[in-house]
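*Asks:* To start, I am sharing the structure in question, which I have written as structure tokens.
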Amino acid sequence: MGASRGPATARSGLLHDGGPTTDDRTQKGETVFIRRVVTGAKGTITFMITIPLVGAPAEPWTIMSGTNTYANLHGRGYQVVDNYSGSPATFVLKGKVSQASA
């Protein structure tokens, strides 16, 4: 399906950063998988977002990995469409994030 790029901003809890983001999308059957990589001043976070195309209204995400400040970050939640018709469209990742001890 391809890749897209745009800005990202995190302003809640453990995450207060922003920078470029890249989404790589693949589709397997009726499920779309988005590998979202957000690079900020404090490090990089890689998310996996799963979008069921039928049957399920939720779009769950998990943190796959992080670097620097985000190296021990763990989290999960749901992606919420904030403004799908905007240009660019905007999305919000809602959920819980925690910092594991190193």
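The values are calculated or read from the model by the stated rules, or taken from the named source; none is laboratory data. All values reported here derive from a predicted model rather than from experimental measurement. Note: ideal-geometry Cβ built from the backbone for every residue, glycine included; neighbour counts use all protein chains shown. These accessible areas exclude ligands, DNA and RNA; they are computed on the full protein's heavy atoms, side chains included. Shrake-Rupley method; radii C 1.70, N 1.55, O 1.52, S 1.80 Å.
*Asks:* Determine which single condition Thr26 fails, assuming it passes every other condition in (1) surrounded by 15 or more Cβ atoms within 10 Å (Cβ to Cβ); (2) of a type in the set (Ser, Thr, Tyr); (3) at pLDDT 90 or above.
*Replies:* The failed condition is (1).
*Asks:* I'm checking my understanding of the structure. Among residues of segment 31-66 that are open to solvent by less than 60 Å² (accessible area, probe 1.4 Å) and not in a strand (DSSP E or B), which one is farthest from Val97 (Cα to Cα)?
*Replies:* Ala56
*Asks:* So, one more: Go through (1) more than 10 Å from the chain's Cα centre (by Cα); (2) loosely packed, with under 15 Cβ neighbours inside 10 Å and name the single condition Lys94 misses.
*Replies:* (1)
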